[in-house]
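What follows is one structure encoded as structure tokens, with my remarks underneath.
The values are calculated or read from the model by the stated rules, or taken from the named source; none is laboratory data. Worth saying up front: this structure is predicted, and the values here are computed from it rather than measured. Here the Cβ positions follow ideal geometry from the backbone for every residue, glycine too, while neighbour counts run over all protein chains shown. Only protein heavy atoms, including side chains, enter the accessible area calculation; ligands, DNA and RNA are left aside. Shrake-Rupley method; radii C 1.70, N 1.55, O 1.52, S 1.80 Å.
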Amino acid sequence: MSLPVAPGRARSRRRKEALAALPWLAPTLLLIAGVVIYPAYLMFWTAFQKYNSYGILQGPAGWSNFFGKGGAFTFPTVPWTSVWTNTVIWVVVVVIMTLALSLLLAQFLSKDFPGRKALRLLVLLPWACSVVLTTTVFRYGLQGDVGIFNRFLVDTGILNVPYGFTKDPTAAFWVAVFVAIYVSLPFTTYTILAGLQSVPNDILEAAHVDGANAVQRYWQVVFPMLRPAIAAATLINIINVFNSLPILTILNDNGGYHTGHTTTTLIFQFKAQLGPGVASALSIANFLFCLVVVAFYFWIVKPTKEVQ
Amino acid sequence: MLAKLTKVTAIAAASMFVLTACTGTPSGTSSAPTGGQLPATTIKILAPNYGDTSKADWEKIIAEFNKKQPNVKVELQMEAWETFTDKVKARIQANDLPDILNDNAFASEATTGLLYPITEVMSDSTVKSIEPSLLKNGVGPDGTQWAAPDIASARMMTINTDIMSKAGVTAAPKTWAEMEAACAKIVATKVSCYGMPLGKEEAQVESSLWLWGAGGDWVKDGQLVANQPAAVEGFTEIKKLIDAKATQPDPGASNRQAVADAFNQGKVAMYVTHSGLMATTRKDFPKIKYTLSQIPSKDGSPVAFGVTDFILAFNNKDANRKEATKQFLDLFYSDAMYEGWYKGTGLLPVTTSMINAAKSTDADNKDFYDSLSYVKFNPVSDPKWDALKNALQGTAGTIQKDSPENVLKAVQEQLDAAS
């Protein structure tokens, strides 16, 4: 506890300290201003301008990009129910499934067994490849006439005739969920693996000696100690998955306002057909949605507390 | 280092003066009359790839142009068709307007006042050399000739004759009823009958064919109308074929290339094609025997689909660039240059002299030339066409699972909201 200081003096001292820190903070502040604040400002500004579909500025638009005749939220035939449910499912299912599988996989990879190094490298593979490449492989594999996955499903008798997985928007959405989990696994697995390495052996031994069985040891000793790793992995995954565009776009052969859109892919659809103004209007909703998700997460999990 | 750099710059600057001095003949001023040499300037061309030789074909013309105008630098950017509109939009948004654009639409650019009327950047004789019936496609709703066609293509039905005879179909179907009957026989041989690309790339073409087949037209009383009785009739026929499993699987998410591939592999008996696609079939799939025919319609009157792509000239507010553009386009449409260029596209020429020359020599495409007498065009000059096209591309495919009335209602709603 410091001695009470006159508020005026305290403030001036703090200001002095802040000024002294400025040269060291300046690059970071500039970076934040350049890559976070300016684009966000531009998004808000664009949302209130009228553009034609070629992106040529026509003047101020007021709220018409949001709620006008061809506005983001009032454009006819957009299946909003499925867009919102898809968006929530996309984030929640992909992140939870990724975490669950990664916990299993990390546990397995932390055991000592012959060939562990090779297997760890293999798990990295989806991460090392570009997302577009991986997704394109799945897309071709699922092609109706020549796709290898479709061929496999037909030859094994699971399907009678090839199924156009990427031709039906809803089916394509679920394939995208699968691929998104697949490409998110390596990063998450490695983060948790790193967390597992930091669990001290003596604590586990002590728990063992105290008579805790394997299940108890995992849930009551290991899992709580993994919390910082899980917290970091979850937060990064939520934001990554929410913003992910290529998987959903590449795997969906359908155009227009179909039932396989999330808000992110819908932004691109709007950009192509209704211009950047309307797309920015929906981007703002996406931005707010993202903020809410992250806020919820902070509120429930309190990751900063653990990471400290 | 710095001294050296200054020296180099000085030499460069000096030599430039010398160059200007040499070329600066009295007629070579900024308002150069045709024939004189223009001062140093740059014109930019943005063009799509029609085929493997497209870039070389343009470069040939550029080389010829540079013989006459050595001071004019020509910048050529070639892009694939799939993403071409995006590239055009990107250039426009970056305010880097190409002096010459080769595209399949012009209405959006024309309505925003970015273009020269094409007659300002082509001499009268060049304009007159283009087949009038094709030239009028480049006229905007305001009556101005905003664009000039540079290639045409006609689309007709191609039918695999082996599949046809195997199924016991004796003649190419001309009416919808004949087509349904033929398809029933062909489907019985376990081959898809009609390749229907109703996906996001070609739905606007396919929809038009069936609308015209029912005797309708998108333009009614000067307005684009999607939800109209003839369209309902056309879409009902589309749905009939889909429900009878006469089409390839998932027509609502198929593009023309996928359908063409299936045809080349003998998996589809007929589809609507153009001369470029058939050239590939002849070259790479010689085993496929085919015949070309009119596209079936309700009452049997012939339907064929016409497309012209266009040359547009953007206004860069620079007299020298405008003059260079004009000289380039005059050269481009000259028989000597144009012949090689259009042949590289695999499509049909637009100048009267080339059409006449090709009709007598190009036996492979004879049917396509003949169909030019009855082709119909999509209303590309209407500024609302983009909205209708987008709506069709995104929505027509849902006919697989929805009723014609609902699909067309959705298309109409999108058209109304977007335009």
(message) So, in region B:188-204, how many residues would count as being within 14 Å of chain A (Cβ to nearest Cβ) and either open to solvent by less than 10 Å² (accessible area, probe 1.4 Å) or not polar (S, T, N, Q) (or both)?
(response) 11
(request) Might you let me know whether region A:203-215 holds any residue that is modelled with pLDDT of 90 or more, surrounded by fewer than 23 Cβ atoms within 10 Å (Cβ to Cβ) and either within 30 Å of residue B:199 (Cβ to Cβ) or within 12 Å of another protein chain (Cβ to nearest Cβ) (or both)? (result) no
(request) Run down B:324, B:357 and say which single residue is out of contact with any strand residue (DSSP E or B) (no Cβ under 7 Å at 6 or more places or on another chain) and either closer than 29 Å to residue B:283 by Cβ or open to solvent by less than 10 Å² (accessible area, probe 1.4 Å) (or both). (result) B:357
(message) So, in region B:41-80, exactly how many residues are assigned to a loop (DSSP other than H, G, I, E, B) and either among the aliphatic types (A, V, I, L, M) or open to solvent by less than 20 Å² (accessible area, probe 1.4 Å) (or both)?
(response) 2
(request) Examine region A:108-119 for a residue that is touching a Leu at 6+ places or on another chain (Cβ under 6 Å) and either among the hydroxyl-bearing types (Ser, Thr, Tyr) or within 14 Å of chain B (Cβ to nearest Cβ) (or both), and state whether such a residue exists. (result) yes
(message) Every residue in region B:286-314 that is over 29 Å from residue B:138 (Cβ atoms) and buried (at least 16 other Cβ atoms within 10 Å of the Cβ), please.
(response) B:288, B:290, B:293, B:296, B:298
(request) Give just the number: which of (1) part of a helix (DSSP H, G or I); (2) open to solvent by 20 Å² or more (accessible area, probe 1.4 Å) does residue B:381 not satisfy? (result) (1)
(message) For region A:124-146, which positions are of a type in the set (Val, Ile, Thr), farther than 26 Å from residue A:297 by Cβ and either in contact with a Leu (Cβ under 7 Å, 6 or more places away or on another chain) or open to solvent by 50 Å² or more (accessible area, probe 1.4 Å) (or both)?
(response) A:132, A:135, A:137, A:146
(request) Could you tell me whether any residue of region B:385-401 is away from chain A (no Cβ under 14 Å) and either in a helix (DSSP H, G or I) or touching a Phe, Trp or Tyr at 6+ places or on another chain (Cβ under 9 Å) (or both)? (result) no
(request) Please go through region A:203-225 and pick out each residue that is among the aliphatic types (A, V, I, L, M) and under 29 Å from the mean Cα position of the chain (by Cα). (result) A:221, A:222, A:225
(request) Go through region A:233-308 and tell me which helices (runs of 4 or more DSSP H), entirely inside it, have 3 or more residues that are open to solvent by less than 50 Å² (accessible area, probe 1.4 Å) and either in contact (Cβ under 8 Å) with a residue 60 or more places away in the chain or among the β-branched types (Val, Ile, Thr) (or both). (result) A:246-251, A:263-274, A:276-301
